1. For segment 169-261, state which GluC sites (Glu not before Pro) are in a DSSP loop and have at most 13 other beta carbons lying within 10 Å of their beta carbon.
2. Assign one of three labels to segment 187-370, namely rounded, prolate or oblate, based on the Cα gyration tensor with a ≥ b ≥ c the square roots of its eigenvalues; rounded applies when a/c is under 1.5, prolate when it is not and a/b is larger than b/c, and oblate otherwise.
3. Evaluate the distance, in nm, between pseudo-label points positioned 7 Å from the Cα of Val132 and of Ser333 along their respective Cα→Cβ axes.
4. Can you compute the helix-only [θ] at 222 nm over the chain? Use -39500 (n - 2.57) per DSSP H run of at least 4 residues, normalise by all residues, nearest 500 deg cm²/dmol.
5. What dipole magnitude, in Debye to the nearest 20, does the chain give about its Cα centre under +1 on Lys/Arg Cβ and -1 on Asp/Glu Cβ?
6. Cα to Cα, under 28 Å, and not fewer than 8 places away if on the same chain: which lysines meet these conditions relative to Lys331?
7. As I understand it, the value is the acute angle between the Cα axis of helix 252-262 and the longest principal axis of the Cα atoms of the chain; what does it come to in degrees, rounded to 10?
8. I need the peptides 8-14, 337-343 ranked by packing, meaning the mean over residues of other C-beta atoms within 10 angstrom, with the highest value on top.
Amino acid sequence: MKLLLKIIAWCGKYIGFLFSHQPDNGDFKRILVFQAGGIGDIIRVFPVITALRERFPDAYIASLSPFPETVYQLLPEQYRPNPRFAYEPLKQHKGLSAKLRLMHSLRKQRFDLIINPARGEGMLENAILAWVCGAPCRAGFERAGAGFLNTVKVELQDRIAIVRQNLDLLNALGIAEQTPVGLEIAAADRDFARQLLASLRQNPEQAIVVVQAGNHWRPELRWPQQRYAQLLQTLSRQRPCLFLLLGTTAETALNRWVISEAALDNVVDLSGQTTLTQLAAIMTAADLFIGNDSGPLHLALAVGLPCIGLFGYTLPAQVICTSDNCIALHKASAEQVFLHQPFQEFDRTTRNPIENIDVDEVAAAAVGLLNGDSKPASAHG
């Protein structure tokens, strides 16, 4: 299948102009936001959704994503897409026939605009699915022919934050972006976070540090778990901290290994024990996030929590906005970087570049942020 997609993309480089055209008018009535990525990808499309709602207050705005009833609870209610259709490419829609059946069912909705900010492995496949869905206007990224079926194309950039590039899709349609809207966190979730932290904190001087040692998307994007254990030990010697280890239920074993190896009494495993909205509330009450390029990192950035992001095969410039309070540690050569482009493969012939990040430099960055020091000019590779 991958070989077939590569051939289609190669052809797309030469025939993509046949599909390119601007909409006859910008008065869209029925809009679908098709975001098939992870939690972080959906959070990064929130500014697009809010801008669409502001521009088209009476439009029918729907979404298609793997998390229709969870992530969108973080978006203020007046901006939430409705309906929210489920797309589960790893479960009920894993096969091609299941995907096509879903898209044919969505044709009945008669969308006149599909926003499809797919990148990487799904860029071509999702462009094909959006085309099958039948909307006359389809805005999405283009790279090496993979987005040739989009009618409005924006070249995917390597060193511009994805949030910014998502908004560029709207600009290409002549739709103005809006003032950013913050996440909505319910009072019940804030109460949950307050009570949880009060029960776990051993003394009021402890800094609350949330840690994401896993990565639900790709294990290659994880900093070695041994170093996470060493980091907790190092930080505990330098100042009082309460460490909360995040993750899905599937990452419980990883977190328990880190806790066992660190052998500290100030580390708590929260994997699989909170909802997404409860996790967001915990982050609003925390002092620092440390973790890999993952959904929790994007969530922490969205709530404004100071962050340390650990990067190997991905470029921080595509993840971190210049306005984010985040130190991005990255030590990879240009040949090692796995960009969000179609058909890119990990370079497995050399050491994983995330292993070039030392415990001491992460600890130093963490102490600096906890002490309120100014953010370094840049730690990007």
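1. The qualifying sites are Glu205.
2. prolate
3. Between Val132 and Ser333, the simple spin-label model gives 4.1 nm.
4. Mean residue ellipticity, 222 nm, calculated: -10500 deg cm²/dmol.
5. It comes to approximately 1100 debye.
6. Partners within reach: Lys375.
7. With rounding to tens, the tilt is 30 degrees.
8. 337-343, 8-14
Every read-out reported here was derived from the displayed coordinates using simple, explicitly stated rules and does not represent laboratory data. Keep in mind it's a predicted model, so treat the numbers as computed, not measured. Virtual Cβ from ideal backbone geometry, glycine too; neighbours counted across all protein chains shown.
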